[in-house]
Amino acid sequence: MFDGYTASQLMSIFAMQGFAGLILFSVFLLMALGLAIIFGQMGVINMAHGEFMILGAYVTFLTSNFFQSNLPHFFGGYFFFAMAFAFLAAGALGYALEWVLIRHLYRRPLDTLLATWGVSMILQQVYRSVFGAREVGVVLPDWLMGSYQVTDMIDVPINGMFVMALTATITAAVFALMFRSTWGLQVRAVTQNRVMAGAAGINGKRVDRLTFALGCGIAGVAGSAFTMVGSTGPTAGQLYIVDTFLVVVFGGAQSLFGTIASAFAISQSQSTMEFFLSGSMAKVLTLLTVVGILLLRPQGLFVVKVRK
Amino acid sequence: MTSHRNPGGSTLPHWKRLVGAAMLSATALAPLDVLAANPPTAEVNTTGLAVTDTEVTVGILHSVTGTMAISETGSVQAEKLAIEQINAMGGVLGRQIKYIQEDGASDWPTFAEKARKLLVNDKAAAVFGCWTSASRKAVLPIFERENGLLYYPTFYEGLEQSKNVIYTGQEATQQILAGLDWVAEEKGAKSFYLLGSDYIWPRTSNKIARKHIEMNGMKVVGEDYFPLGHTQFNSVINKIKLTKPDVIYAIIVGGSNVAFYKQLKAAGIDLSKQTLLTISVTEDEIQGIGGENIAGAYAAMKYFQSLDNENNKAFVQAFQERWGKDIVIGDVTQAAYLGPWLWKAAVEKAGSFDVDKVREASIELELTTAPEGYVKIHPNHHLWSKTRIGLARADGQYDVIYETKELMEPNPFPEGYQ
């Protein structure tokens, strides 16, 4: 398929294709991080993850409208406020949900699956009633939408760069929080042995609630960022949920490193195959590969040893 | 169940015939001026439909919950508006239209179940509904078995013709051929990149498009399909950049649309320089995509909200008065609006609500008041209509820059294109 192209044209295409893979990697990682924290550290299967992301997207929509009508001079910078609001809103909802529902179900992991699935349907209908069934258009500041032209052939999408930078920042922040802070120490202690952690004076319930809120808050930020590349509608969260679970499960549920590695592996293979095959075939082959590897290695790529 | 709908039916038990006779004499006592306008129910309804002396019941069957609610909301609004307008004008054969609305919930078996309910329990004289081909295929056997009448509004892939369905949207060839001919002529297009969501409508449509392109000595340089809901298009955008087609021909639907156009713009593809022709993005979809992300693209369909004629001005004004001033109207919404009007015209031409007579009267039926302009029902139950090319503006509307001189003949089973 490369007949009739000069070497420099091919180089540019490969460069852009590599870039497309990296953007996909950032998107996958960003949407999986929140779920990885909740699923990995707490063992809760949060089927409403996509709806928390869409909450972030709707918060962005509202912030955008507010800035347009009230603070048009600051419109260029509204996106940072929107992400902060999205984090707070999704985090607060997660905090409340944990208190109302999830904490009663910790001993029944399969029931959390059903309960959060119910929550996801309730949220979808709430969005539909409040914002209407149609998708809403989030107006983005101009500086986020264009592309940066490196050469004639190579255009770097600015929103792609933005997502990459955001993902790097949030991943770094999560690692710092988990492995460098006292609170992270407590989370890991509770994950490893809840009873011993309690005996050592760690308030397990509080840790659970904050962990869940943090995971949901990160989902909200992800949703806010994805208004740049995707749609915002009541059921748009469903578009992300399958890929998200795929990344987390494939990486090994309790390992953040695993999540990163799996996001990288899946995004690179998918984006490469999409270039040579049709989009549907690429998806089928990616899923088949993941299924094959999980058959051989049911625990995922990385495993953390946990005392039972 | 009131038996006066079927007073002559000899299959009725004796006591029912007696009740029927009593009811008839009761209506005979009603004021004469009411009856004068309305032909007697016994004459206009010989098959037991839900028609009384003052009322006729029809069904509206769309998804108002689930994924498809995004698309189907406009159709529901248009059908309700048409029914309200007809009622304000005095109804059909002097009878006010009462609608029963059912929710297909974006689930095809639910569509079938609700269709059966509307036809069997409610005895709806006509049903306006369905949106996806999958939902239409699910209800089709029921409409054929119960001899119901469905007005289906969506542009679709063709390859179907049922005596129980009137297709008020365009079938694939009407939409596709005019659009391709236009880009070939106006833009001198020689090469095409075909894109679509991975299901029957985009695949069939692209098959027709490919045949037409190749028969006219032009070239398809790439063809790609994506699962519904796909949100990452960077790889295919690179392929497009590599193959440099004259025209990107895109039939992507739903949430994927938003992702595709945003990423296209972000990748530096400027639609004022790169020709893109779509048959799947109406004004409705642009609201989600954002006008600034799709400005410069061309769409080939039969209706645009900005269409400049008196019928359409009145329609847009009435629609916005009824459903809010910011609301937009897409191709399918207009086609849905035609349903009740076509049905009214056919019933009045037939002088009867009976499905068989309405069907017969529908053939070659003309409607001069349609917002899209003059339309006529072809014997194959599709509409003769013009195809237009719209140029997307940043404010989310289209400028109509071309329309076919003649009405396009509907051809749901195009020879040589299969």
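What the table shows:
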| read-out | value |
| --- | --- |
| Shielding of B:112-124 by partner chains, average beta-carbon count, 10 Å | 0 |
| Qualifying aspartates and glutamates (Cα of each under 12 Å from Cα of residue B:241; at least 8 residues distant if same chain) | A:152, A:155, B:270 |
| Relative contact order for chain B, counting Cα pairs under 8 Å that sit 6 or more residues apart, in percent | 17 percent |
| Cα gyration tensor, the range A:184-269 - rounded (a/c under 1.5), prolate or oblate | oblate |
| Sorted by Cβ density within 10 Å, fewest first, the residues A:257, A:61, B:128, A:226 | A:257, A:61, A:226, B:128 |
| Cα centroid separation - the range B:139-174 against the range B:376-418, whole Å | 17 Å |
| Order of B:58, A:207 under a 10 Å beta carbon neighbour criterion, fewest first | A:207, B:58 |
| Amide H contacts of residue B:191 (H built 1.01 Å from N, under 5 Å, at least 5 apart or other chain) | B:219, B:246, B:247 |
| Percentage relative contact order, the range A:20-237, counting C-alpha pairs under 8 Å, at least six apart | 44 percent |
| Segment residue B:400-residue B:326, length gained on full extension (0.36 nm per residue, minus Cα span) | 24.6 nm |
| Reachable aspartates and glutamates from residue B:302, criterion Cα separation under 14 angstrom, eight or more residues apart if same chain | B:171, B:283, B:331, B:372, B:399, B:403, B:406, B:409 |
| Inter-part distance where the range B:250-268 and the range A:241-308 are each reduced to a Cα centre, Å | 25 Å |
| Under-5 Å amide H pairs with residue B:165, H placed in peptide plane, nonlocal only | B:150 |
| Among the listed pairs B:207/B:405; B:137/B:265; B:137/B:211; B:211/B:313; B:98/B:405, those beyond 30 Å (Cα-Cα) | B:137/B:265; B:211/B:313; B:98/B:405 |
| Net charge of neighbours whose Cβ lies under 12 Å from the Cβ of residue A:190, counting Lys and Arg as +1 and Asp and Glu as -1 | +4 |
| Mean Cβ neighbour count within 10 Å, used as a protection proxy, ranking B:166-175, B:384-393 highest first | B:166-175, B:384-393 |
| Average beta carbon contacts from partner chains per residue of A:12-19, 10 Å cutoff | 3 |
| Cα→Cβ-extended label distance, 7 Å offset, between residue B:186 and residue A:74, nm | 4.4 nm |
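Readers should treat all values here as calculations from the given coordinates under stated rules, not as data from a laboratory. Every value quoted in this text rests on a predicted model; they were computed, and no experiment measured them. Because the Cβ atoms are built from the backbone with ideal geometry, glycine has one as well, and the counts that use them run over all protein chains shown.
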